[in-house]
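The values are calculated or read from the model by the stated rules, or taken from the named source; none is laboratory data. In this text the structure is predicted, and so the values were computed from the model without any measurement. Positions of Cβ are backbone-derived with ideal geometry, glycine not excepted, and every protein chain shown enters the neighbour counts. For accessibility, only protein heavy atoms count, side chains too; no ligands or nucleic acids. Shrake-Rupley method; radii C 1.70, N 1.55, O 1.52, S 1.80 Å.
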Amino acid sequence: MRRANRWIHIVLVVATIACAWLTATKLHVSGDLSTLLPNSGEARGLARWMRAFGVRDPVLVLVRGDLPDEVARVSDGVAAALRRAPSIARVVDRAPAAWALSDPTLAWAYAGPDARARLAGIVTPEGMRARLLDTRALLLAPAGDDDLQAWIARDPLRLSQAPWESPGELAAGIRASPGGAFVADEGRARLVVAEPYGSAFSSSDARAVVDDVERAMAEAARPGVTTELTGGHAVARATEQMLRRDLAVSGALSIALASLAFVVTFRRTRALVAVLPPLALGTLWTTGLAALLPAGLSAVAIAFAAVVVGVGVDTGVHVYAALLDARRAGHAGAKAAREARAATWRPTLTAAVVAAVAFGSLALSGLRAMQELGLLCGAGELLTAVAILLVTPEIGAWLERGPPPPARPSRWVEWVAQIASSRPRAYAALAASAVPIVVLAAVGWPRPADALVAVRPHRLAPLVAEAHVQALFGGGSGQWIVLNADADEERAREKADRVAEALVPMMRDGAIDGFDALATFAPSAGTQRARLAERDALDLPGRRDALESALRDVGFDLEACAPALDAFAHPVSEPLPPPEPRRDVDDALSWLHARHVARDGAGTLVATYVRPKGNPPADARARAAILAADPRSDITGFDAIDRVLRQALARDLAVIGGVVLVVVAVAMRIALRSARQAFVAIATLACEMGVVGLAMRVLAVKWHIYDALVLPVLFGVTVDESMFLLHAAQERSIQDAVRAQAPLVAATALTTAAGFVALVACRFDGLRDLGAVGAIGVLAGLGAALVVVPSAMRAFGTAAPISK
């Protein structure tokens, strides 16, 4: 036996050292917000877009000031500094220039539907004359030069200019003429775009990019001009910093609040010395497991530290109370430690297993972040319980070598004991406990928040900057992302081009506010060939004579314009490819390519960004047009996933809640050996949920998918109070059971609530609401247990007679 104990100690020491090393070297927080989305329907498409395009998300620097000249100087300075930054591949501070076409008839290849209609009008006899008159006026202008004259000789109709005569939309309503800067508010706002080398989901890459951009903004700073940074790297960096802060603050606050609750309710400060070391040990083991997550801790999963600390103290409360009972019974030293462990291992481990299974049931959720949170909290619940059972009795026996303190119940305990002093009082208490359920049934459960997923903490500086960009340059949070996928990049781009073609009439008719697509500046080769076929249907060779006549009538030199006449007679069939994106030069096309084209494990994704009206009939028309162009288009977006989230919430609540209820019922039946007492324990959960629902309505706590999924977990966490009361009542009267266990269950509930309350200090919206609901639920469970359990036992005669 001694040898076995020695091996157990060796294993525990090795495991502790390994977990400490993992925590120090491997634990990291993930900035990947896609883990907060369900992996189904439109949400799956959004998560796929975030993973594929977040890697190369462009950096956006918004420059604003009252003086346009000063804004321009700062923008140029930022761009110049970023060009020297090692983490920046290229800088884009103006729109792509129009292609210099060797053959003007290639203009059709780069023309959208409206531009092709404009080109068709230009090549009519009337259109030729009108266009040539404008060209002549251009030549006679003072700015005319030799280069202009050479270009006009090749293209007097200025066909190559037609595709880009209207400013193209580049991003979320941002428009600029070919080669022009991104300017808004009459020059008082400018946008500088940079394409970084690293991934937005890599902590080191995001940090390097943000550091370089912030240095560039500092170098270019001038009085009266402000700069703001946004983009995937900035959001990921700010999110990681926020989560690291939340992890540290919530963990420390949880320890402080749980310790305070422990001391106030247990009235034994030295007990902390026996409880905190094994609690820290169990938390360290759990953190070591968290460090093994390959993608890092998600924004929600970091809550495990605060929750594990709060829930883990529960075991310490019961173990130390049993140790004091053993000392009062005359046992000392190792004997007292063994007695305490023997008296508590069964109920505490049962409670720990039930709570662990309740937490672990979150693994059935469709959200990876909730799966991680549930598994880590479940593991932490078990590991801290084991650590406390192993260590606390020995430390406590050493601390309690003197006379044990007398057991003196508090006045509030006597009040609770009097609730069930008679059957009329018990019936009245049960009726009062049912009131919240009745009221909630009448008024209904709290309505869900407008957005069921809190994945974008709006107070983050990069997200504030993003809102400013949208306000100045157009766009908004309601943007759709249309994904077209194929194993072959060319086919994927052709599908996206068809979607863009279908969206043009939608924008013209007012069904959408706008869209930006790669086809605007770089259509696929297949699309270009189809457009050139449309050009060939116009029979340009047959219109050569009409062009010659129009040139002569307007006064152009036919000999000088011979290249243009030859182009009409022999139009090129194959388009010249646009410049390929290069990482060694500033190339706006490279940024557009990165914004619209990405690869993941399944193939190539091409994204088109649509700004819908928000009007249901108009939106339905736009969706129909997109799906008609490519039936396999994936239409997603942060607002578009709300329907999926509601479906996921309904499914997850049903599945997780059902699993937890079954586990709790079975565990209570086994632990208490009484179906009637198990039913009483379940009844307390119903009263608890009634109080939670009303409290959320009164306190206006936001109701979304994260705090909703914590409710089933509360079944497993808060049933402990009922179980310990019922377990004690099997061996003594109701009043004696209340006197013995009420202080302990109050301590366990308050320490657990402290773990959830600590989350309210987090900056991440989802964690704050999760903490609020968790704390309300735990306190409601405590109140329900102290009222319902003794009242039900007295009313229905499920325990020993009441003592006087």
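A few remarks follow.
- Karplus-derived 3J(HN,Hα), 6.51/-1.76/1.60, for each residue of the range 245-254, Hz, glycine and proline x: 5, 4, 4, 5, 5, 5, x, 5, 5, 4
- Counted charge near LEU133, where neighbours are those whose Cβ lies closer than 15 Å (Asp, Glu -1; Lys, Arg +1): +2
- Long-range amide H partners of LEU605 with built H, under 5 Å: ALA598, ARG599, ASP600
- Carbon/sulfur fraction of accessible area - the range 182-272, other protein chains in place, 1.4 Å, %: 54
- Residues in the range 676-789 average 25 Å² of solvent-accessible surface per residue, probe 1.4 Å, ligands and nucleic acids excluded.
- The tail of the calculated P(r) for the range 464-557, taken as Cα-Cα distances beyond 18 Å, holds 66 percent of the pairs.
- HN-Hα J in Hz across the range 385-394 - Karplus 6.51, -1.76, 1.60, θ = phi - 60°, x for Gly and Pro: 4, 5, 4, 5, 5, 6, 9, 4, x, 5
- Eligible aspartates and glutamates near LYS613 by straight Cα distance, threshold 12 Å, same-chain separation 8 or greater: ASP509, ASP513
- Whole-percent carbon and sulfur share, accessible surface of the range 340-392, 1.4 Å: 78
- Å² per residue, accessible surface of the range 208-287 at 1.4 Å: 41
- Computed accessible area, ASP134, all protein chains, 1.4 angstrom probe, square angstrom: 90
- Amide H contacts of ALA200 (H built 1.01 Å from N, in plane; Pro and chain starts excluded): VAL55, ARG56, ASP57 sit under 5 Å, all sequence-distant by 5 or more or on other chains.
- Contour excess over end-to-end distance, with Cα ends at ALA363 and VAL13 and 0.36 nm allotted per residue: 123.1 nm
- Applying the Karplus relation 6.51 cos²θ - 1.76 cosθ + 1.60 with θ = phi - 60° to the range 519-536 yields 3J(HN,Hα) values of 4, 4, 10, 8, x, 5, 4, x, 5, 4, 5, 5, 5, 5, 5, 5, 5, 4 Hz, where x marks Gly and Pro.
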